[in-house]
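**Student:** Before we start, here is the structure in question, set down as structure tokens.
Just so it is clear, none of the values below were taken in a lab; they were calculated from the coordinates. Bear in mind the structure is a predicted one, so any value in this text is a computation, not a measurement. Backbone-built Cβ (ideal geometry, glycine too); neighbour counts: all protein chains shown.
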Amino acid sequence: MKTFQLNNGELIPAVGFGVFQIPNNGPTYEATLAALKAGYRHIDTAAGYMNESDVGKAIKESGIDRKDIYITSKLWLQDYGYENAKKGIENSLKALNVDYIDLYLLHQPYGDYLGAWKALEEALIAGKIKSIGISNITVNLWNKFKDGMKMMPVVNQVEFNPFTQQKELRKVMAENNILLEAWYPLGHGNKDLLENDTIIFLTKKYHKNAGQIILRWIYQEGVISLPKSTNPERMKGNIEIFDFELTDDEMKAMEALDTGKATHNPEDPVNETRLMGLKIHD
Ligand code: A2P
């Protein structure tokens, strides 16, 4: 698996398996185990997904060395503020049944954000977390929070795919050496995207499926992707993107698909949470 280097020198696998909306107590365990068997070494979960324990169980039972698997989780909104965040981090470590988490993110802008960030910084110094990052932070929010952060985030995980290219945000993040991570890299299965003419043309040229073309494009853009699939063939295929390369012209044709819009508005986290079917309190 190819990796990208974060601004703290750590390496992150370029493609991770996302488990958003996969239920706990079975389905997430099975999906994670299948992903690890298919060759994924990067799993992206969150306290808010309520499936960290299944991820942890699959990792233990996979027989793969802990150090060979990259685990990302995220602090959920009810655990914001310094004291609550310290507990939230411990809860994630416990649910995942690990000694450390590779990457821990603040899931959304909310409440006492900078208090929560301070707890992440301390957990990093204590060795409980290897890298810390942010998620769903727009340029506007970045300008609001950045001066209150002692440590630089390594990533900002946001909605990103050929229709949602986040051009302004990418520029600002690049200036700060913060990599983007793509949630909804395949547009959450959006047919208009997966059946787009430019993409279909490329599927024929490279003998790859639409998802693979999009994920290759994201990789060449220098963005980490977190595709989700419960179909074993597509799950496996989504990491088979390192044996071909899009040309400069093809990259430009993909770039032209940008609508400049996102389907979700991170500046309204409470509404977002509801739309995503997540709960702030269980
Ligand atoms: P499935 O689970 O049947 O494979 P996203 O990661 O952007 O949220 O998108 C996930 C959606 O994209 C799921 O509906 C998934 O369906 C579908 N999907 C996953 N991989 C591919 C692929 N390679 N080609 C087309 N659709 C895919």
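**Student:** Quick check on the exposure proxy: order 131, 92, 62, 225 from fewest to most C-beta atoms within 10 angstrom.
**Tutor:** By the 10 Å Cβ count, ascending, the order reads 62, 131, 92, 225.
**Student:** For the chain, take the longest principal axis of its alpha carbons; what is the angle in degrees between that and the long axis of helix 210-220, to the nearest 10 within 0 to 90?
**Tutor:** The angle comes out at about 70 degrees.
**Student:** Using amide H atoms built 1.01 Å from N in the peptide plane, name the residues 5+ places from residue 183, or on other chains, whose amide H lies under 5 Å from its own.
**Tutor:** Amide H neighbours of residue 183: 158, 159, 160.
**Student:** Moving to a separate point now. According to a simple spin-label model (label point 7 Å from Cα along Cα-to-Cβ), what is the distance in nm between residue 240 and residue 37?
**Tutor:** About 1.7 nm, to one decimal.
**Student:** Under the 0.36 nm per residue contour assumption, what length would be gained going from the current alpha-carbon distance of residue 152 and residue 230 to full extension?
**Tutor:** 24.7 nm
**Student:** Please identify every one of the trypsin sites (Lys or Arg not before Pro) in the stretch 180-268 that sits in a loop by DSSP and has no more than 12 other beta carbons within 10 Å of its own beta carbon.
**Tutor:** Sites meeting the loop and neighbour criteria: 261.
**Student:** At a Förster radius of 22 Å, what calculated FRET efficiency corresponds to the Cβ-Cβ distance of residue 274 and residue 139, to the nearest 0.05?
**Tutor:** Using R0 = 22 Å, I get an efficiency of 0.35.
**Student:** Rounded to the nearest 10 degrees, what's the angle between the helix 113-125 long axis and the longest principal axis of the chain, both from Cα atoms, 0 to 90?
**Tutor:** 90 degrees
**Student:** Quick one: P(r) of the stretch 136-176 from all Cα-Cα pairs, 10 Å bins, percents rounded to integers, in order of increasing distance.
**Tutor:** For the stretch 136-176, the binned pair fractions read 26, 60, 13, 1 percent.
**Student:** Sticking with this one: Among 64, 137, 178, which one moves the most in a GNM of the chain with springs linking Cα atoms closer than 10 Å?
**Tutor:** Top of the fluctuation ranking is 64.
**Student:** I would also like to ask the following. Quick one: work out the % antiparallel among DSSP beta bridges in the chain, nearest 5.
**Tutor:** 15 percent
**Student:** Also, I was wondering about something else. Please find the FRET efficiency linking residue 94 to residue 255, where r is the Cβ-Cβ separation and R0 is fixed at 30 Å, and quote it to the nearest 0.05.
**Tutor:** Calculated transfer efficiency: 0.10.
**Student:** Rounded to two decimals, what is the ratio between the C-alpha radius of gyration of the stretch 3-275 and 2.2 N^0.38 Å?
**Tutor:** Relative to the 2.2 N^0.38 Å estimate, the stretch 3-275 comes out at 0.96.
**Student:** Just how many % of Cα pairs in the stretch 205-282 lie over 19 Å apart, if you round to the nearest whole percent?
**Tutor:** 53 percent
**Student:** Something else now. Could you check the spin-label model distance between residue 205 and residue 267? Points 7 Å from the Cα along Cα→Cβ, value in nm.
**Tutor:** 3.7 nm
**Student:** In a shell of Cβ-Cβ distance under 12 Å around residue 215, excluding residue 215 itself, what net charge do Lys and Arg (+1) and Asp and Glu (-1) give?
**Tutor:** +3
**Student:** Tell me the trypsin sites (Lys or Arg not before Pro) within the stretch 108-183 that lie in a loop according to DSSP and have at most 12 other beta-carbon atoms within 10 Å.
**Tutor:** In loop regions of the stretch 108-183 (DSSP not H, G, I, E or B), the sparsely surrounded trypsin sites (Lys or Arg not before Pro) are 150.
**Student:** Moving to a separate point now. Pull up the cross-link candidates among the aspartates and glutamates for residue 150, meaning alpha carbon to alpha carbon under 12 Å and not fewer than 8 places away within one chain.
**Tutor:** Hits, sequence-local ones excluded: 121, 122.
**Student:** Working from Cα positions, state the angle (0 to 90°, nearest 10) between the long axis of helix 27-38 and the longest principal axis of the chain.
**Tutor:** Computed tilt is about 60 degrees.
**Student:** Next up: Mind checking the stretch 177-222 for GluC sites (Glu not before Pro) that DSSP puts in a loop (not H, G, I, E or B) and that have at most 15 other Cβ atoms within 10 Å?
**Tutor:** 195
**Student:** Quick one: go through the stretch 114-135 and flag any residue whose amide nitrogen is under 20 Å from the point 7 Å out along the Cα-to-Cβ line of residue 175.
**Tutor:** 134-135, by backbone N distance to the label point.
**Student:** Here's a follow-up. Under 18 Å between alpha carbons, and skipping anything fewer than 8 positions from residue 208 in its own chain: which lysines qualify?
**Tutor:** Leaving aside lysines fewer than 8 places away in the same chain, those within reach of residue 208 are 191, 228, 236.
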